[in-house]
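FYI, it's all coordinate maths here, none of it is from the lab. These numbers were taken from a predicted model, which means no experiment stands behind them. For neighbour counting, all protein chains shown are included, and Cβ atoms are generated from backbone atoms with ideal geometry for every residue, glycine included.
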Amino acid sequence: MPSRTRKFRGLRTHGRGIKAGRGAGKQGGRGNAGLHKYKFKSMLIYAPDHFGRHGFKRPAEVIHRPTSLNVGDLDSFAPVLEAAGALSRDGEAFVADLTKVGVERLLGKGASERSWKVVVAHASRHAREKVQVVEAAPTAGSAPSSSP
C-alpha cells in the first residue's frame, strides 16, 4: 500500500491547496498579526481597544506604601523594639510603640503568645481583636485612617 506522500507525488499542492501547509499562511499570520492591515476590520469589531494607551499609572514617588507588621511577628520583633527603646511592660502585657521604629500599620495575620498593648497609627480589624491597640497620631505623609 503506498504512503500518503507517495500518493501525492506529481500533484503540485499535495491536496492542501495553494500556500497551505507553510506555517500560518492560510490564516493570515499567527495571533494578532495584521490587525493594522488586512485584519483591521475584525479588530474594529472584536477588539476595538487593542491599540493605544489606556488608564493612568501613578508615579512611584507619589504612592505611599505604609510599613506594616503582623500580629504574629510581634514576638520575634521584640528585640528590635527593645533596642529602639520602644518596648516596656505594663503588668503582664508588653507595651510596644511601633511608631518609634517606623511601623505605621498593624495587620492581623498570625497569633502572639504574649499579651500586647500596641501604639500604632493604624490597625486592621483582625489586629484589634488579637491585641489591645492604642491609636497614635498618623505621621506626616501617611493616608488618614479609615477604620472605625
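Filtering the stretch 53-69 for residues that are in contact with a Lys or Arg (Cβ under 6 Å, 6 or more places away or on another chain) and touching a residue at least 24 places away in the same chain (Cβ under 8 Å) leaves a non-empty set. The set of residues from the stretch 1-35 being more than 51 Å from the chain's Cα centre (by Cα) and in a loop (DSSP other than H, G, I, E, B) comprises Met1, Pro2, Ser3, Phe8, Arg9, Gly10, Leu11, Arg12, Thr13, His14, Gly15. Mind listing just one residue for me: the one in the stretch 85-141 that is assigned to a loop (DSSP other than H, G, I, E, B) and acidic (Asp, Glu) and, of those, surrounded by the most Cβ atoms within 10 Å (Cβ to Cβ)? Here the residue is Glu104.
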